[in-house]
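*Asks:* Below are the structure tokens for one structure; questions will follow.
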Amino acid sequence: MLSGLAILSGVLVITRKNPVHSALALILTLLSFAGLYLMLYAPFVAGVQIILYVGGIMVLFLFVIMLVNLERSQKEKSFNQQWIAGVLAAICLGALFISIYTRGSSLVLRSEVQFSELTNTQDVGQMLYSNYLLPFEIASLLLLVAIVGAVVMAKKRI
Amino acid sequence: MVPITTLHYLVVAAALFVLGVIGVLTRRNVVIVLMSVELILNAVNLNLVAFSRLWGLHGQVFAIFVITDAAAEAAVGLGILIAFFRNKETVNVDEVDLLKW
């Protein structure tokens, strides 16, 4: 049911004319993805998803929509002329994924790793600070660069 | 009642990925194009977490890294959008031709 909700609101995201409606549908998609993460025994990722995506990125999107919103843009065509390329790419990717679905089941392991749900956050933190210490630091550097870049580009004069 | 396997999650992620690709290729509003990119990144995240069910916690750590990258990408993309909107008063992808000569 969560998957159905995710796909349905995903369709809404790319078909609505009004960008605010798209943003609301995207929030629904992200929330159902958080539910899916909970079903996959990943409570920390689900929490990060809700806090960062739904709380952070979507506020940013809505803010920019309000800043940039044009009455004119709703009267224009909302799809461009490249829909042939879009449909073609969709067909190719869809065929790829269907082939994965039909004969990819042998690639997937049957056994599941059982890890405890209670210490999930602890385990993820341990792994971030031991195995993935260098990528962690690089991610912090990336965020710093992104902050500086966003501030510079949103300044009054470039 | 069929038990939900990894394959089902993969199919959901694939569907969201295709939706995102269609959105990127066909919409004209830059904001919605960025939202479609978020959809694609979320599909990748779902794949990573679904496989972390089989291979251990590494997938979840990578999903967190991908979320971080998505946040940085959204901030920079929207910054570019604001700077562009201030110059040309439009948010359509077709009319972004500052680098064309």
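Any read-out appearing in this document is the output of simple, stated calculations on the displayed coordinates, not a laboratory observation. None of the values given here were measured: they were computed from a predicted structure. FYI the Cβ positions are ideal-geometry reconstructions off the backbone, even for glycines, and counts take in every protein chain you see.
*Asks:* Give the relative contact order (percent, whole number) for segment B:1-59; include only Cα pairs under 8 Å separated by 6+ residues.
*Replies:* It rounds to 37 percent for segment B:1-59.
*Asks:* Same structure, new question: Short version: ³J(HN,Hα) in whole Hz for each residue of segment B:32-48, in order, from phi by Karplus 6.51 cos²θ - 1.76 cosθ + 1.60 (θ = phi - 60°), x for Gly and Pro, what are they?
*Replies:* Karplus-based 3J(HN,Hα) across segment B:32-48 equals 6, 4, 5, 5, 5, 4, 4, 4, 4, 4, 5, 4, 4, 4, 4, 4, 4 Hz.
*Asks:* Once R0 is set to 30 Å, what does the formula 1/(1 + (r/R0)^6) return for the Cβ-Cβ distance between A:PHE63 and A:THR121, expressed as a FRET efficiency to the nearest 0.05?
*Replies:* The computed FRET efficiency comes out at 0.50.
*Asks:* At a Förster radius of 22 Å, what calculated FRET efficiency corresponds to the Cβ-Cβ distance of B:VAL93 and A:ILE50, to the nearest 0.05?
*Replies:* 0.15
*Asks:* Please give the helix B:58-88 orientation as an angle from the longest Cα principal axis of chain B, in degrees from 0 to 90, rounded to the nearest 10.
*Replies:* Compared with the principal axis, the helix lies near 10 degrees.
*Asks:* What are the ³J(HN,Hα) couplings of segment A:42-59, residue after residue, when phi is run through the Karplus curve with 6.51, -1.76, 1.60 and θ = phi - 60°? Round to Hz, x for glycine and proline.
*Replies:* Those phi angles translate into 10, x, 5, 5, 5, x, 4, 4, 5, 5, 7, 6, 5, x, x, 5, 6, 4 Hz.
*Asks:* So what J values fall out for segment B:16-21 if you push phi through Karplus, 6.51 cos²θ - 1.76 cosθ + 1.60 with θ = phi - 60°, rounded to Hz, Gly and Pro as x?
*Replies:* 5, 5, 4, 4, x, 5
*Asks:* For B:GLY56, list long-range residues whose amide hydrogen, built 1.01 Å from N in the peptide plane, is under 5 Å from its own amide hydrogen.
*Replies:* When sequence neighbours closer than 5 places are left aside, the close amide H contacts are A:VAL113.
*Asks:* For chain B, what does the relative contact order come out to in percent, with C-alpha contacts under 8 Å and a separation of six or more? The partial results should precede the final answer.
*Replies:* Numbers: 79 pairs, mean separation 27.7, N = 101.
Computed value for chain B: 27 percent relative contact order.
*Asks:* Counting only helical runs of four or more DSSP H residues, what would the 222 nm mean residue ellipticity of chain B come to if each run contributes -39,500 (n - 2.57) and the total is spread over all its residues?
*Replies:* Per the formula, -27500 deg cm²/dmol.
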